1. Under a crude label model (7 Å from the Cα following the beta-carbon direction), how far is LEU57 from ASP16 in nanometres?
2. So, with a 1.4 angstrom probe, what is the percent of accessible area on the chain that is carbon and sulfur?
3. Quick one: of the DSSP bridges fully inside the chain, what percent are antiparallel, nearest 5?
4. If you take the square roots of the eigenvalues of the alpha-carbon gyration tensor of the stretch 1-69 and sort them as a ≥ b ≥ c, do you get rounded (a/c under 1.5), prolate (a/b over b/c) or oblate?
5. For the chain, take the longest principal axis of its alpha carbons; what is the angle in degrees between that and the long axis of helix 17-32, to the nearest 10 within 0 to 90?
6. Averaging sequence separations of C-alpha pairs under 8 Å and six or more residues apart, then dividing by the length of the chain, give the relative contact order as a whole percent.
7. Label point 7 Å out from LEU7 along Cα-to-Cβ: which residues of the stretch 20-57 have amide N under 15 Å?
8. Amide H of ASP10 versus every other amide H placed in the peptide plane: which residues, excluding those fewer than 5 positions away on the same chain, fall under 5 Å?
Amino acid sequence: NELKILLLDDPCAGIDINSKIDIFKSISDFSESGKGVILVSSELSELLENCDRILILKDGKIKTEIGHADIKKMNEEDLLKLL
């Protein structure tokens, strides 16, 4: 069976910047091949730079959904306000 979805929880925690670049390149390549990626990260900059959509969950339910166009206009402070 071929892998169709990756679930990643802080994949770059404690990793040097060059390795982070390599990891996110691999994630991007996987996504661009038509497969799905669910990324959980405590690094807001990673989410803003690498996600097409951001979901903020509270009590197991979607509190806020941010689409691609809105992500491109945001910075970390904007995202923090939504948490």
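The values are calculated or read from the model by the stated rules, or taken from the named source; none is laboratory data. Since we're looking at a predicted model, the values are computed, not measured. Here Cβ is always computed from backbone atoms with ideal geometry, including for glycine, and neighbour counts include all displayed protein chains. Side chains are part of the model used for accessible areas, which takes the heavy atoms of the whole protein and leaves out ligands, DNA and RNA. Shrake-Rupley method; radii C 1.70, N 1.55, O 1.52, S 1.80 Å.
1. So the two model labels end up 3.4 nm from each other.
2. Ligands and nucleic acids excluded, carbon and sulfur give 51 percent.
3. Within the chain, antiparallel bridges account for around 50 percent of the total.
4. Since a/c reaches 1.5 but b/c is at least a/b, the shape of the stretch 1-69 is classed as oblate.
5. Here the helix axis deviates by roughly 90 degrees.
6. Numbers: 74 pairs, mean separation 20.9, N = 83.
Relative contact order of the chain: 25 percent.
7. Flagged as within label range: 36-41.
8. Here VAL40, SER41, SER42 satisfy the definition.
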